[in-house]
Amino acid sequence: MKKPIPVLLFSLLLTSSCLKLDSNMYNTSDKIKEYKLDNYTGTQDFILDGNYAIPSSLVSIFDLSSQASDEKNSTTIKALYIGDISKIGSDTIILYCHGNKWHMDFYWQRAKLLAHTRGKNHYGVMMMDYRGYGLSEGKPTEYGMYADVDACMKWLKEKGLTNNRLVIYGFSLGTASATELTANPGALIPSKLILEAPFASTSVLVQDASQLNMPSDYFTDVKVDNAEEIKKVSQPFLWLHGTADLFLNYKTHGEVVYNQYKGSYQEKFMVDGADHGEVPQKMGFEKYLEVVGSFIIKK
């Protein structure tokens, strides 16, 4: 049985911005009854203007069945695809793994922006709500989250996608799935890995938050270690991070992951003055798309 956390220490931990991701690793608090996408009026990191509009005919929301290897039953999750589904067999696809907050409506602007990489709908973009998020069933777990992302890979493979045309992009919490499924592939092997504001590990999250060298399992059962898993990644790797990220400090998190990479090619783009979630707009949307697009086509 875990020892109780002293009241004073517990209070100090709760005031730390970094521990928000650890003590509330899965933030599903914004409950919805339907996905509204462009009509969503909740808080968002940014809102794109009409130049980035996507025709409704190229936006599909559907159910997928997700099941981890140790689970007896499957879980129904919601996924979204931007693009012509009939062309997946010949397209390059960006599989977007979102952060710990809320649901796909909150990340819709990000997915829509990525759908303009190298031109509008030049690439397909897919994202999902992890189990327990948005309208996905179930309860969030680390291995359930990996299974949810792999369920998207299975669907893409069924539609004809091959390994050399899958790019996986993880933001914040989503960097865990993106790194894990690149290091230990599921239904498909990603050809390239993009991480925006990655965290090094749950251990570093706890140490950053408490400023004490205490084991991460004192506070959480999640054992994510991106800095260790990245060592297994051989595919080209792009790291994006804001220098003013108060949620996941780039020196104790992203830089550690970047420096542990042993693969064939890596790039980084540091965004001056960008806090957590501000990378695309602080870069400027055109520059952001240029950096992402150039990395994807680099041989």
Exercise for review: Just name the residue that is nearest to the chain's Cα centre (by Cα) out of those in the range 68-93 that are assigned to a helix (DSSP H, G or I) and more than 20 Å from L37 (Cβ to Cβ).
Suggested key: I88
Review point. What do you reckon, is I61 farther than 22 Å from D148 by Cα, outside any helix (DSSP H, G or I) and at pLDDT 95 or above?
Key: no
Check your understanding: Identify, please: which residue in the range 83-121 is polar (S, T, N, Q) and in contact (Cβ under 8 Å) with a residue 40 or more places away in the chain and is, among those, farthest from V292 (Cα to Cα)?
Key -> N100
**Study point:** Pick from the range 88-122, criterion among the basic types (K, R) and modelled with pLDDT of 95 or more, ranking: farthest from G132 (Cα to Cα)
**Key:** R118
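In the range 133-179, which residue that is of a type in the set (V, I, T) and either modelled with pLDDT under 95 or touching a strand residue (DSSP E or B) at 6+ places or on another chain (Cβ under 7 Å) (or both) is nearest to L246 (Cα to Cα)? Let's see the steps before the verdict.
Looking only at the range 133-179, we keep the residues that are of a type in the set (V, I, T), and these are 141, 149, 162, 167-168, 175, 179.
Narrowing the set further to residues that are either modelled with pLDDT under 95 or touching a strand residue (DSSP E or B) at 6+ places or on another chain (Cβ under 7 Å) (or both) leaves 141, 149, 167-168, 175, 179.
Numbers: T141: 25, V149: 27, V167: 28, I168: 25, T175: 17, T179: 22 Å.
Looking at residues that are of a type in the set (V, I, T) and either modelled with pLDDT under 95 or touching a strand residue (DSSP E or B) at 6+ places or on another chain (Cβ under 7 Å) (or both), I get T175.
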Check your understanding: Filtering the range 1-55 down to residues that are of a type in the set (A, V, I, L, M, F, W, C), under 14 Å from W102 (Cβ atoms) and modelled with pLDDT under 95, which residue is surrounded by the most Cβ atoms within 10 Å (Cβ to Cβ)?
Key -> L21
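The values are calculated or read from the model by the stated rules, or taken from the named source; none is laboratory data. All of these numbers come straight from a predicted model, not from anything done at the bench. All Cβ positions, glycine included, derive from the backbone under ideal geometry; neighbour counts span all protein chains shown.
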